[in-house]
Amino acid sequence: MNEEEIEERWQANVQAVQDAKKAQLEALRGWARVREDAHRTARRRDPRYPVLNAGEQARVDGARETLDLARKAVEEAKIRFKAGEGVPG
Amino acid sequence: MPYVDPNTIHNPATGTVAPAAWGDVIRDDLEFLVDPPAASVFNSAAVSVADNTLTTLNANSELFDNDAMHSTSVNTSRLTAQTAGRYLITARVNFAADITDGRRVIQLRKNGSGGTTVSSHRAVIDGSSQTLVGFILDIMAVTDYWECRVLHTAGAALDCTLQEWSALFITRA
């Protein structure tokens, strides 16, 4: 690799960490939003017994899974930066 | 993850149960406070530095780095902010023993341009090695980076060792 390629790889890896961190924050906000929506719907459906139905619970769990994956992606991006590996895809 | 205002996740109201996402962000924020971004790296061997030539020092080893501020394979001289904030940047460099008079200088450089001399001393010429320490406080945006450079006027190449090269997050900017 020449100096320019090294610099490009470094920039790409730094950017990948930043992008992963942004995605993590978005996933956290997304999880909060999905959960809030699901509970609001459940309250509207039955204020005395506001339990999530299977679909709502699946959406909340899915959003939580997205957050877990986003956290993992941040750690992986950091490892790639430290190792100087190329950004996948 | 850097500090996140919990109110951007959920604004608690009296009598309501705080959602798990809110608890998560509080936990993340506490984790950030007890373990803020910090890196301390070094070079495990001396490098030969030519006379009167500003030379960037690489760091091939890490004592710690909790925020991917340093790479051990690409641009190893750099300490990069992955989290914006106010940072304390410090450098400790050992200059090998020499009996020639002259200067020993540490200069820190941000984002590959300019340079600030943080330590400049007359050489110790009694045959003992000389260790210089320098530091700088800076407001760093994400992707900003610092490098440590040295200069000496020993008259011939001199071995220098980057013994400690660190960046410590102090507060958010």
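The values are calculated or read from the model by the stated rules, or taken from the named source; none is laboratory data. Please read these numbers as outputs of a predicted model, since none were measured by experiment. Quick reminder, even Gly has a Cβ in these numbers, built from the backbone with ideal geometry, and neighbours come from all protein chains shown.
Brief remarks follow.
- Close contacts from the range A:1-15, counting a first residue that is farther than 15 Å from A:Lys82 by Cα and facing chain B (nearest Cβ under 10 Å) and a second that is assigned to a helix (DSSP H, G or I) and charged (D, E, K, R), with Cβ to Cβ under 8 Å and a gap of 6+ residues or different chains, come to A:Met1/A:Arg9.
- Test for B:Ile106: is it loosely packed, with under 15 Cβ neighbours inside 10 Å and either at pLDDT 95 or above or assigned to a strand (DSSP E or B) (or both): no
- So B:Leu30, is it under 25 Å from A:Ala63 (Cα atoms) and either buried (at least 17 other Cβ atoms within 10 Å of the Cβ) or more than 14 Å from chain A (Cβ to nearest Cβ) (or both): yes
- Cβ-Cβ contacts under 6 Å between residues 6 or more apart (or on different chains), taken from a first residue in the range A:60-89 that is surrounded by 18 or more Cβ atoms within 10 Å (Cβ to Cβ) to a second residue that is of a type in the set (Ser, Thr, Tyr), are listed as A:Phe81/B:Ser71; A:Lys82/B:Ser71.
- Residue list for the range A:31-48, restricted to those being aliphatic (A, V, I, L, M) and more than 8 Å from chain B (Cβ to nearest Cβ): A:Val34, A:Ala38, A:Ala42
- One residue alone among A:Leu28, A:Leu69 is closer than 30 Å to B:Ala84 by Cα, assigned to a helix (DSSP H, G or I) and within 8 Å of another protein chain (Cβ to nearest Cβ), and that residue is A:Leu28.
- Yes/no for A:Arg48 being crowded, with 21+ Cβ neighbours inside 10 Å and not aliphatic (A, V, I, L, M): no
- Residues that are away from chain A (no Cβ under 14 Å) and on the phi > 0 side of the Ramachandran plot are absent from the range B:132-153 altogether.
- Residue within the range B:127-141 that is under 18 Å from B:Thr56 (Cβ atoms), out of contact with any Asp or Glu (no Cβ under 6 Å at 6 or more places or on another chain) and assigned to a loop (DSSP other than H, G, I, E, B) present: no
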